[in-house]
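Read-outs: derived from the displayed coordinates by stated rules, not from any lab. Treat the numbers as computed from the prediction; the structure is a model and nothing was measured. Positions of Cβ are generated from backbone atoms using ideal geometry, with glycine treated the same way; all protein chains shown enter the neighbour counts.
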Amino acid sequence: MPPKHRRSTVVMGSQVARRYPLYCHHAREPYASALTSTSARIVLWLEAGFAEHVTIHYGDRYQAELPEAAAMERVGSAQGYDIYRAIVPCRTHRLQYAFCTHRGADHPEWWLGESRATCGERPRSGLFQLPYLCERDVFVVPDWVNSSVCYQVFPDRFHRVEQSQPVTTVAAQHDREHDSGHPLGWSDWSSKPGPKSRFGGNLAGLLEKLPYLQELGVNLLYLTPIFRSPSNHKYDTTDYYEIDPDFGDKALFRSVVQEAHERGIRVVMDAVFNHCGEEFGRFQDVVRHGEDSPYFDWFFIHGKKVEFEKVNYETFANRTRNMPKLNVANPDVERYLLDVARYWMDECDIDGWRLDVANEIDHVFWKKFRRVVKAAKPDALIIGEVWHDSLPWLNGDEFDGVMNYVFRDAVLDCLVEKTLSPGEFAGRMSALLVQYPEAATRSMFNLLGSHDTARVRTIAKGDVDAVVRAMAFQFTFPGIPMIYYGDEVGMLGGPDPDCRRGMVFEPSKQHMRLLEAVRCLARLRRSERALHGPHVQFLCSTASHLRFRRTSLDGLSAIEVVFHLGKRGSRPLPLSVPADRVVWSSSEAAQDVGQLPAGAVAIVRV
């Protein structure tokens, strides 16, 4: 919730009592941000219902007056506030501005400025200022994010092509000896996974299934870690410069990236820089030599040597003995990890990084990381794993976006579990639209599930219609829709490790409908210009209906997305558009007779 910039106060005039409006605005992110060096997005949170409309008055900061004015767009309401937005030109790169609220002929105008709210006296309100929009401060993300559809693969569980593979570590040998059913110790593909199960998915299998991803409409592939590691998940890295032999080798990975690129699919790798694995060579040197090791300060060890029983060193989470935390502030560690980032971009031509446990590494490192990555490939993508409000990392000098779990929680609450009303949901989404700079909003990984969560159809208790509704919102809201492998065919699974079952490539007839919906939504995401811009306006949210509009940047293309969230059997919702304007719907009735039945969603062109 935005902080209350000014408390509700009553000022007694000669005839009427005048009350200051509650409002919130600061001349910094996320309220004021440069879109280019000559334009800025300005966001105002104003007490709900206080004004009929709001104008922003602005000019060059060296001008005595504010010669220009523009109406602000009300994008939604949340937490007792109306949210207004305006795109303001800054032809001289400098800007000063104030807001004016309009309540009708019988009410005075209130000016809102940096100093105070004043009734009818603009100069006393003060002015907000953006002193100079510097070119290098503008938050720039790759243009290709606007039409991206991302697919997350957990390599061990995606697809296996039989090949002779060595057992790489003692730990891996132990794990496999406790599995059965395959000469190399792989678990049966359809079995329920345990924490140490190995299914044998590999890069050769991924290469073989790239046509499937292309047909699905995917143009961005995110791989969980593939570096050498003793585990099935590979989040405990042993060697940052080698592909784990379970998956293949560098030559095979280069082939995957090259073939993906030829099919129009970019590839993002997972970087685990917060911690390494217990078998990481430098940690093992510390295990052997204690404080005499040249790598002792690479870690946070409380004592003169490593004590595994006590776990007297910092780790991922709490006392996770096999994942010692790296001291990234150590210059040697910093150089090592930055070199890793540069190496894989140069060596295999990858298109970016997803950063594990990104919120537990200092901002100084991430700023340097961005400079290295963008120097290697200017249109590379950087996504951090942050499960909460991520603004500190999204100011244009660290990440492009994050794993958008805030988005996921709200979508599941409203469209799947129905514990959140459409009105409350519209408020939360309106707030999310202005919670970050516009560039970051376009670059978020908008997910419904991942390798760390229960499957979306499991949360939906098997209800395919609920999953389709959630995916329809996922594909039509600003950000990058991210599909967790198998969700497009309705795979089930509880929390980790159950959510990491072997991929199913031959869905049942019931789930073919879900697969076809994803294909259609992905095609729309890539081709529909209205879905490429940041503009969203919630038009209607009742107890059973939700409707919002997306508009293209040039204003020439617009679509509306309509959800009927009523109980089964309730009256259909008329779409009030000709049938040929229904771009896609989860119900044939919407396209045939213009009626949206309960539980369905439609996308219409307006």
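Some values worked out for this structure:
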item	result
Paramagnetic reach from Asp346 (point 7 Å along Cα→Cβ, amide N under 12 Å) across region 218-234	none
Rounded to 10°, Cα long-axis angle of helix 509-527 versus longest principal axis of the chain	60
Between 0 and 90°, nearest 10: helix 331-348 axis offset from the chain longest Cα axis	90
Total formal charge among the other residues, if their Cβ is under 10 angstrom from that of Pro193, Lys/Arg +1 and Asp/Glu -1	+3
Global size of region 530-605 as Cα Rg and Dmax, reported in angstrom	12.4, 40
For region 10-137, diffusion coefficient by Stokes-Einstein and Kirkwood Rh (Cα), 37 °C, 0.692 mPa s, µm²/s	219
Sites Ser552 and Val140, calculated FRET efficiency, Cβ-Cβ separation with R0 30 Å, nearest 0.05	0.90
Computed helical MRE - 222 nm, the chain, DSSP H runs ≥ 4 contributing -39500 (n - 2.57), nearest 500	-7000 deg cm²/dmol
Mean Cβ neighbour count within 10 Å, used as a protection proxy, ranking 417-430, 398-411, 192-205 highest first	398-411, 192-205, 417-430
Exposure proxy order (Cβ contacts within 10 Å, fewest to most) of Trp111, Trp144	Trp144, Trp111
Given (1) 1.16; (2) 0.99; (3) 1.01, the label whose value is Rg/Rh (Cα atoms, Kirkwood Rh) derived from this model	(3)
Neighbour-count ranking [beta-carbon atoms within 10 angstrom, fewest first] of His564, His102, His511	His102, His511, His564
Relative contact order [Cα under 8 Å, 6+ residues apart], region 530-605, whole percent	27
Mean Cβ count within 10 Å, highest first, over the residues of peptides 228-239, 82-93	228-239, 82-93
Dipole of the chain, positive end: most advanced residue of Tyr235, Ala341, Ala71 [Cβ charges, Cα centre]	Ala71
Listed residue pairs exceeding 24 Å between alpha carbons, taken from Lys418/Lys461; Lys192/Lys234; Lys192/Lys310; Lys209/Lys250; Lys234/Lys325; Lys209/Lys509	Lys192/Lys310
Angle between the chain longest axis and helix 464-476 axis [Cα atoms, degrees, rounded to 10]	70
Whole-Å distance, taken between Cα centres, linking region 273-324 and region 367-438	33
For region 464-606: Kirkwood Rh in Å [reciprocal of mean 1/r, alpha carbons]	16.0
